[in-house]
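The values are calculated or read from the model by the stated rules, or taken from the named source; none is laboratory data. Since we're looking at a predicted model, the values are computed, not measured. Cβ atoms come from the backbone with ideal geometry, glycine included; neighbour counts cover every protein chain shown. Ligands, DNA and RNA are stripped out before the accessible areas are found, and what is left, the full protein with its side chains, is counted by its heavy atoms. Shrake-Rupley method; radii C 1.70, N 1.55, O 1.52, S 1.80 Å.
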Amino acid sequence: MSAHSMSSLTKSDCFIEGHWVPTEKRFNVTNPATGEVLAEVADADDELTQRAINVAETALAKWRKKTARERAVLLRKWYQSMMDNKQALGELMSAEQGKPIPEAVGEVEYGASFVDWFAGEAERINGDILPLTDSSKRVLVTKEPVGVCAAITPWNFPNAMITRKIAPALAAGCTIVVKPPQLTPLSSLALAQLASEVGIPDGVINIIPTSDAKTVGKRLATSPQVRKLSFTGSTGVGKILMQQCSEHVSKVSLELGGNAPFLVFDDADIEQAAEQLIACKFRNGGQTCVSANRVLVQESVAEKFTQAIVSKVKALKVGPGTEEGVDLGPLIDQDAVDKVQRLVLSAKSDGATIEAGGSVMTELGDLFYAPTVVSGVTDDMDITKEEIFGPVIAINTFETEEEGIKKANDTPFGLASYFAAKDTSRIFRVSEALEYGMVGVNTGGISHAYNPFGGIKESGIGREGSKYGIDEYLELKTVTLGGLE
Ligand code: ADP
């Protein structure tokens, strides 16, 4: 199969039962760097959502009966097609989401890696035979697909947030209805096109873009036909969906907000810690749920660390994702820019110091925010309590290890955390004390298809990726055999 161009992968209708289904009402998807309208996308309503659920239910019967090998082979073909088309997929993603093209291509590779990984896991869905005290009995434990699944995903990773859900669902033998984000549905529709081309059967993957997330989300969460909902997004919406899923006790996986601490201890390699923080913080312009939100530096190294950070931040290049050498693109929309600006200005008026950036780069456009460093941040400031979701490093300090850990854990969230230290005992002490689903030690990069990704507390339920991720799409069945001689 020859590689597609970006335009041939730009689809704008709903994808149901292997067909492109138009709707009369449409919504615009725009390029955040230029404001240009990229596509008028079909707008699914309640009725179309129900149709997609029905289709997924019908397709389930055949898909779950395929052998694991057959499912794995199809997933690997899909993976290969994504890799063959990574440039076109990356360009499309950059256009709708804003991230620099090389970063977008990197996300396509990352997203595809879940498909490859779960193709492997499809063939490792094993059960157990249990011994009992009664020798006339045996117990078989098997794993079965949950059934029809639904996925609701955010705009910050238009490809990977989708493949992380579709791939394990399909590997497990489930079918799926995906409601992609309104701001970035094009990447998901392009993935559906590739899936269809490689022979993933009609109805196994259905994609329903919408401007009415509330109605579509409610239908997906409350339908008795949908046995599992996987959601990535804000904690507020996650709570609503969890409540709605209680109606039929549907399974839920939730990847919600974070407020990640990044601790720098006095024994850290300061230069390396600064590099890792920059990589962690400015990926996707700071618009990631595992982005370091609260930088906590031990007093004795705070000055040195801040200087190292400021010089690196000033060297970052901002511009449209299509421009070569750009580190950061625009933020996703005006609301995102307003939020970042509000947090920075309120920190300043509460006594913090802006060391770099601190404003919109109007010469580039309305949505480009300068990479920013704010020092002198304190625990009670909004910039500490809220998820910034933008290119801002907010530096707070602590005196002792104990105080640092206490500050790091002082949040209802528990997704990602990071710290820099060299002392081995400290590395164990601190990683065990941090109340988070994920801890990065001397690294700002923790996401990989092999790793369980997920949070505790109000950051969510369940894990994606890794050998554990497929369990979210499987149910255990216990078969007790009696009367054996
Ligand atoms: P973000 O800040 O990442 O946009 P949201 O939680 O608002 O976080 O959005 C994540 C996903 O949830 C998007 O696909 C969005 O359309 C969807 N969404 C928003 N509100 C609801 C809702 N009430 N019910 C179901 N889905 C929703």
Estimated distance in nm for a label pair at residue 410 and residue 456, the labels positioned 7 Å out from Cα along Cα-to-Cβ: 2.0
Listed residues 349, 453, 392: farthest to the positive end of the dipole of the chain (Cβ charges): 453
Rounded to the nearest 500, what is the chain's calculated 222 nm mean residue ellipticity when only DSSP H runs of at least 4 contribute -39500 (n - 2.57) each, over all residues? -12000 deg cm²/dmol
Using all C-alpha to C-alpha distances in segment 260-448, build P(r) with 5 Å bins and read off the rounded percent in each one. 1, 9, 18, 22, 21, 15, 8, 4, 1, 0
Would you be so kind as to identify which of 58, 88, 112 lies farthest towards the positive end of the dipole of segment 44-142, taking Lys and Arg as +1 and Asp and Glu as -1 on Cβ and the Cα centre as origin? 58
Based on the Cβ-Cβ distance from residue 359 to residue 485, what FRET efficiency comes out when R0 is 60 Å, to the nearest 0.05? 0.15
Counting only Cα, what are the radius of gyration and maximum Cα-Cα distance Dmax of the chain, in Å? 23.2, 83
In segment 260-448 the DSSP beta bridges are antiparallel at a rate, in percent to nearest 5, of 15
Roughly how many percent of the accessible protein surface of the chain is carbon and sulfur, given a 1.4 Å probe and a whole-percent answer? 50
Using the heavy atoms of the protein chains and a 1.4 angstrom probe, tell me the accessible area per residue for segment 353-485 in square angstrom. 45
May I ask which residue of 174, 163, 479 lies farthest towards the positive end of the charge dipole of the chain, with charges of +1 (Lys, Arg) and -1 (Asp, Glu) on Cβ and the Cα centre as origin? 479
Which of 11/251; 99/314; 65/239 exceed 29 Å between C-alpha atoms? The answer is 11/251; 65/239
Need one number: % antiparallel among DSSP beta bridges in the chain, to the nearest 5. 45
Between residue 47 and residue 304, how many nm apart are label points set 7 Å from Cα along the C-beta direction? 6.8
With +1 assigned to the C-beta of every Lys and Arg and -1 to the C-beta of every Asp and Glu, and no other charges, what is the dipole magnitude of segment 260-448 about the Cα centre in debye, to the nearest 20? 240
